Every structure is written in C-alpha cells, then in structure tokens.
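See below for the structure under consideration.
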Amino acid sequence: MPSKKKKSKQPDFTLIAHRGASYDAPENTFEAFDLALALGFDNFETDVQLTSDGRAVLVHDDTLDRTTDTTGLVAETGIAKIKSLNAGLWFEGPDDGAGVRGTMAYAEAFVPTLDEFLERYAGNAHVHLELKSTQPDLAATSMKSLKQWGWLDQHTGDSVAPGLTISSFHFEQLERSIALMPNIAHGWLLQKIDKASLKAATDLGLSGIYPNASKVTKKQIDDANKAGLVVRTWGIADSKPALRRAYRSGAVGTTVDWPSKARVIIESL
Ligand code: G3P
Ligand code: CA
C-alpha cells in the first residue's frame, strides 16, 4: 500500500501572543504577558500610545472605555489618572481559557507604562511593539524608553528572544521611527499586500510587511519575499481558517490571542 506522504512542516512559524495571552487574561496587562511566557510564548505584541502629559502607555483602543473602569480618550487623560485605573475587572475569561476565571480573577491588573513593561520583560521576550496612535511624539518617546531599558541592542527582524520589532498601521509613524532607530526592524501593518505597498515599504527600508491573515495569499507572500520583505500576519480573531491560511501561505508567523490553541492546530497540519 502506498504510504501517505505528510507535507513537510514549515520550520519557523512564530505564534506571537497578541496583546499578551489576551484570550486567557486581560489584554495588555502584566497578567496577560506573564501568562504568555508561562505558556511558552516569548514573542508578544503590544500597543503603545501617549497620555495627555506625554507618557507612553500600553492601551489598544483610543479610549479607556472597554478595558478599564473609566471612560475617555487615552490622549486626553493624564498618567496619574491612568495609573489609578483597574484594567482587569472587565474581563471574565472564557470557559476553555488557560487563565483564571471570574470577575475578580484579575482585580489587581493595571495599565502598564511602556517603561514598566520594558523593565519587567528585558532579557526575556521578543516584543512586537505597535505604534498605535498617530501622535507625532510617539516614536521619539518610545525610543527614549527602549534605549533606557536596553532594548535597542537586541535581536530584531526575527523571533529570537530577547528582541524587538516595531510595527504600525500608520506609515508616517514608521517614517519617524525608522529615522530614529534605523537598526531596528520595522514592519507595516496593512490589509493587503499590493505592488504599491511593496514599493513604499522597500523605499522606506522596512524589513517586513504585515497583511491581514484572512486576505493573504501565497502569491502576495512570494512577491514580498522577492522584494526582500518578511511577511507575518495579524487579524486572526477567532478564525481558525485564517490561522491555517496564514500558515499555509508561507508567512513567518502571526499574532494570535490564543497561542496555545493555535500551537495545537499548527502541529496538526
Ligand atoms: O499584530 C498587529 C495587530 O495587533 C494589529 O491589530 O487592532 O489588534 O492592534 P490590532
Ligand atoms: Ca496591536
């Protein structure tokens, strides 16, 4: 009987814990990042933006409404107020999560500053730092913190920990950031790779281009690779087909909220 040949595995597909292990614990908190490490994922992604008094904090939305116990724009709230907020009471956790369940499970969680985050994980993680807002001082403020905590001398453009890769949906933030930190790998988050985006990315000297996982194709990835760009994806949300698509298309990795479940899926392909 002819033996069934299994397709060879893609050797290095990195599962990046998106906002930490955010399926299992409240996103962008130490609890979510610690859990990612405990589950064996030393690559994690986070979102940085500036408070009204110019401090870099880790919050995804432009408002505090969804993930804290107050409302209002991050950019219009001062650091003292943000440091007094709870960032875990909103999170109940799924039935099948790897974290703790119940509304009091993360009662101690708070919004980390970029400095607190970089100090805590220095030497332990590859951080995929997303410049989330369009605030003109965001790249420069982030650079000061990255320099202070020794993150600018680490691995970049790969998944080796400790390391640093910077990303943004905002091209002008990438322009500012790459001018300030030319030795750090930068990637452009976008929906779909096309000719114009490949040209803009290579002209700026980016090392990566990061399309939405549900839209990526093998052809787009081949074209990007030929242009010298690394492709990793985002936007998996709760879609297992999107994860399989990213993996099978030849991306080097993806952000995902549920990296431990994703690992099982990838290993079964
Ligand atoms: O991996 C990048 C991804 O985080 C971009 O989407 O909205 O979750 O920041 P978002
Ligand atoms: Ca993000």
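Some observations on this one:
- Note on the stretch 167-257: enclosed helices (runs of 4 or more DSSP H) holding 1 or more residues that are within 30 Å of GLU267 (Cβ to Cβ) and at pLDDT 95 or above are 218-226, 240-249.
- In a residue-by-residue description of the stretch 256-264, the property of being under 21 Å from the mean Cα position of the chain (by Cα) and within 24 Å of ILE178 (Cα to Cα) applies to no position.
- Within the stretch 118-139, being away from ligand 1 (no atom under 16 Å from the Cβ) and open to solvent by 10 Å² or more (accessible area, probe 1.4 Å) holds for GLU119, ARG120, ALA122, GLY123, ASN124, PRO136, ASP137.
- Of all residue pairs spaced 6 or more apart or on separate chains, those with beta-carbon atoms under 8 Å, a first member in the stretch 163-174 that is of a type outside the set (Asp, Glu) and within 14 Å of ligand 2 (Cβ to nearest atom) and a second member that is open to solvent by 50 Å² or more (accessible area, probe 1.4 Å) and assigned to a loop (DSSP other than H, G, I, E, B) are HIS170/THR134; GLN173/THR134.
- Candidates VAL264, VAL252 - the one that is closer than 25 Å to ALA38 by Cβ and either buried (at least 24 other Cβ atoms within 10 Å of the Cβ) or touching a residue at least 12 places away in the same chain (Cβ under 8 Å) (or both): VAL252
- Qualifying residue in the stretch 191-213 (condition: open to solvent by 60 Å² or more (accessible area, probe 1.4 Å) and touching a Ser or Thr at 6+ places or on another chain (Cβ under 7 Å)): no
- Counting the residues of the stretch 142-162 that are touching a residue at least 60 places away in the same chain (Cβ under 8 Å) and open to solvent by less than 30 Å² (accessible area, probe 1.4 Å) gives 2.
The values are calculated or read from the model by the stated rules, or taken from the named source; none is laboratory data. For clarity, every value in this text was computed on a predicted model and none was experimentally measured. So basically every Cβ, Gly included, is an ideal-geometry build from the backbone, and we count neighbours across all protein chains shown. Protein only, heavy atoms only, side chains kept; ligands, DNA and RNA dropped before computing areas. Shrake-Rupley method; radii C 1.70, N 1.55, O 1.52, S 1.80 Å.
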